[in-house]
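See structure below.
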Amino acid sequence: MRPCSDRIPVMTANLGFVHASRRAGEFGVHSLDHFTLAVPDLAIARHFYSAFGLHTPEEPTGLGLYATDHSHRWGILTEGSRKRFSHKSFAAWEEDFLAIRDRLQILHIPLLDPPKHATAEGLWFRDHDDQIVEIFIGEKTSPAAKSPFSHPVAPAGVRGAEGRAAAALVRPRRLAHILQFTRDVPRAIAFYTQILGLRLSDRSGDGIAFLHGIHGSDHHMLAFAKSAAPGLHHCSWDVGSLGEVGLGAMQMADKGYSKGWGLGRHVLGSNYFHYVRDPWGSYSEYSSDIDYIPADCDWPAADHPPADSIYLWGPQIPPDFIANHEV
Ligand SMILES: [Fe+2]
């Protein structure tokens, strides 16, 4: 495997460059297919996530979370006594799934019965933090290439910004990643790299770590930050421009969701961001232009200083931004 900087893409006849669709000789999940979150009030959740630009149909298990094309369910909201991250479901191709099943057996990691109302046919088990994980055989929903990002520039003599009334509703294109709290970041890295085949992208000491899929994915599909207990810090949703990140923030403020953090740009992942605080103290992130790691190169994972672990630029971090409300 070559470093990303030395990668030689294949030139096709008419579409430009393509990259390997899977990493040869290695096994791992290819996608964070969806997550399941319990919240205390589905009506309030529906108001929040609909305002965010997602479709939130009622389903037998609660509410589904769908992006622009309605074709994939990225999240499931169930009703519970309090906000609590329930589980995450990863998809893999069959040969990878079988290899992961063997790893679970060899390491004596017990399988569980599916949680109540779970529908997908997969393997269920607990991670290093006792959190429930599912893997199943499914299609790759993580991006096959870097997601398009546009920054329109008006030529001289042409108005670049229309009035607010003309601004289109921001609708995310897909789930980008989730960031979970963990009691132990090094153990989280070990579990998700050794069992599920994810790969470390970058970290900052034992405080935060970012993991990508080996068969081509964003810089991170899953990230961990240290806390006293597991929990969900944020789910992140991809949009196509810096303008949409800003418009999304305005769209949420207009609906009463003005608390959060942004506009800014991360160092690790390089994405532009705006986080909107949800009614339970966790966040939904508008994210754009995140780094992409193709299947055919090795990302130069590094341990970065704390100053680079959060952001390159942006407003000061709110004092309660890192609070874990599931403790
Ligand atoms: Fe994020």
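The numbers here are math on the coordinates, done by the rules we state, and not lab data. Computed from a predicted model, the values in this text were never measured in an experiment. A quick note on method: Cβ atoms are made from the backbone with ideal geometry, for glycine too, and the neighbour counts reach across all protein chains shown.
Of note:
- Cβ-Cβ FRET estimate between residue 50 and residue 4, R0 fixed at 35 Å, reported to 0.05: 0.35
- Rg of the Cα atoms in the range 143-237, relative to 2.2 N^0.38 Å, amounts to 1.48.
- From helices alone, the chain scores -4500 deg cm²/dmol at 222 nm; the rule is -39500 (n - 2.57) for each run of n ≥ 4 DSSP H residues, then divide by the residue total.
- With a threshold of 24 Å on the Cα-Cα distance, the over-threshold entries among 116/259; 83/116; 83/146; 83/226; 146/255 are 116/259; 83/146; 146/255.
- Solution diffusion estimate, µm²/s, Stokes-Einstein, the chain, Kirkwood Rh from C-alpha pairs, 37 °C, viscosity 0.692 mPa s: 161
- Loop-located trypsin sites (Lys or Arg not before Pro) in the range 93-152, at most 11 other Cβ atoms within 10 Å (DSSP): 116
- Residues of the range 123-152 falling in the label zone of residue 184, defined by backbone nitrogen less than 14 Å from a point 7 Å along Cα to beta-carbon, are 127-131.
- The alpha-carbon atoms of the range 282-325 define a convex hull whose volume equals 144 cubic angstrom per residue.
- Cα shape, the range 31-70, gyration tensor, a/c 1.5 rule: oblate
- All aspartates and glutamates inside 14 Å of residue 140 as judged from Cα atoms, apart from same-chain residues fewer than 8 positions distant: 33, 94, 95, 96, 218
- Total formal charge among the other residues, if their Cβ is under 14 angstrom from that of residue 325, Lys/Arg +1 and Asp/Glu -1: +2
- Calculated on C-alpha atoms, the gyration radius of the range 234-321 divided by its Kirkwood radius gives an Rg/Rh of 1.00.
- Within the shell of other residues whose beta carbon sits under 14 angstrom from the beta carbon of residue 210, the net charge comes to -4, with Lys and Arg scored +1 and Asp and Glu -1.
- The antiparallel fraction among DSSP beta bridges confined to the chain stands at about 65%.
- Once you reduce the range 83-100 and the range 166-201 to the center of their Cα atoms, the two points are 13 Å from each other.
- Unpaired by the 4.7 Å Cβ criterion, cysteines found in the chain: 235
- Note on the range 49-197: Kirkwood radius taken over Cα pairs, Stokes-Einstein applied at 25 °C and 0.890 mPa s, translational D equal to 132 µm² s⁻¹.
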